[in-house]
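Since the structure comes first, as structure tokens, the remarks are kept for the end.
Bear in mind these aren't lab numbers, they're just calculated from the coordinates by the rules spelled out. Please read these numbers as outputs of a predicted model, since none were measured by experiment. Cβ: placed from backbone, ideal geometry, glycine included. Neighbour counts: every protein chain shown.
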Amino acid sequence: MFTHSSSQDYYDIILLRHGQSVGNAEGYWQGQSDFPLTEMGEKQAHALGQYWQQHGQTFDEIITSPLSRARQTAEIIAHYLNIPITLENIWKERDNGKFAGMRGEEARALYPQPDFMPPYEPIGDTGESQWELYLRAGQALHNLMNRPTGRYLVVAHGGILNLTIYAMLSIPVQANFHGPRFRFRNTAFATLKYYPLKHQWHVYGINQHPHWIFETPEAA
């Protein structure tokens with residue numbers, strides 16, 4: 001188990017979406033396809049690393065998806081903050097089955113979404129259902145809570161991060177992807193605290209991006 005000297009009785013957690021990837025820029029439904037960061041994505045990560053360095057932000061550990069777009073983002077930030085990185089497969093993006101690596105319009109044409117989709121239906125014919133992703137997000141959260149209290153940065157992807165917040169706030173998944181959606185643009189993050197002795201979550205921000213000093217394109 002990861003250990004450190006923190007004496008605080010709560011968790012500081014930041015959930016960070018990766019920088020812009022080639023897949024984002026070119027309109028691919030990435031899933032677990034491994035697209036690297038674009039030049040813009042690298043700039044976003046450097047800007048955030050510099051911002052946190054200048055403002056004295058620190059973490060006990062950076063936990064990242066091993067997919068290139070997340071891992072590269074984590075490595076750039078770790079360079080500024082001098083913090084160890086742990087790669088965990090459980091933080092990969094949703095397995096979107098046959099959609100992986102397709103452009104959005106191609107995927108919609110070949111595999112149109114049915115009028116009604118229960119949360120147990122696999123995505124892209126062979127991928128993870130909404131329920132399966134929710135269960136994985138819950139296990140990822142459980143693993144995080146098995147670490148000592150402290151400050152943690154999780155670098156991952158929009159789909160898994162959304163359902164991690166569902167798990168944190170006890171929000172059930174619904175049919176047809178109904179329910180709240182927590183927006184994460186590239187290198188935007190959510191800031192939360194968890195008090196285990198009260199089982200109480202405090203949400204301080206969603207889709208935060210104070211480091212943006214340039215025009216950042218919208219990216220799905």
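Some notes on this structure:
- Enumeration of residues in the stretch 124-161 that are free of Cβ contacts under 8 Å to residues at least 60 places away in the same chain and over 21 Å from LEU16 (Cα atoms): ASP125, THR126, GLU128, SER129, TRP131, GLU132
- Selection within the stretch 164-188 - in contact with a Gly (Cβ under 9 Å, 6 or more places away or on another chain), over 21 Å from ASP34 (Cα atoms) and surrounded by 17 or more Cβ atoms within 10 Å (Cβ to Cβ): THR164, TYR166, ALA167, VAL173, PHE182
- Matching helices (runs of 4 or more DSSP H) fully within the stretch 5-115 where at least 1 residues are in contact (Cβ under 8 Å) with a residue 40 or more places away in the chain, closer than 30 Å to HIS202 by Cα and of a type outside the set (Asp, Glu): 39-54, 68-81
- None of GLU61, GLU39, GLU88, GLU93 is farther than 26 Å from MET168 by Cβ and of a type in the set (Asp, Glu) except GLU39.
- Selection count, the stretch 76-107, where residues are under 20 Å from ALA25 (Cβ atoms) and surrounded by fewer than 19 Cβ atoms within 10 Å (Cβ to Cβ): 5
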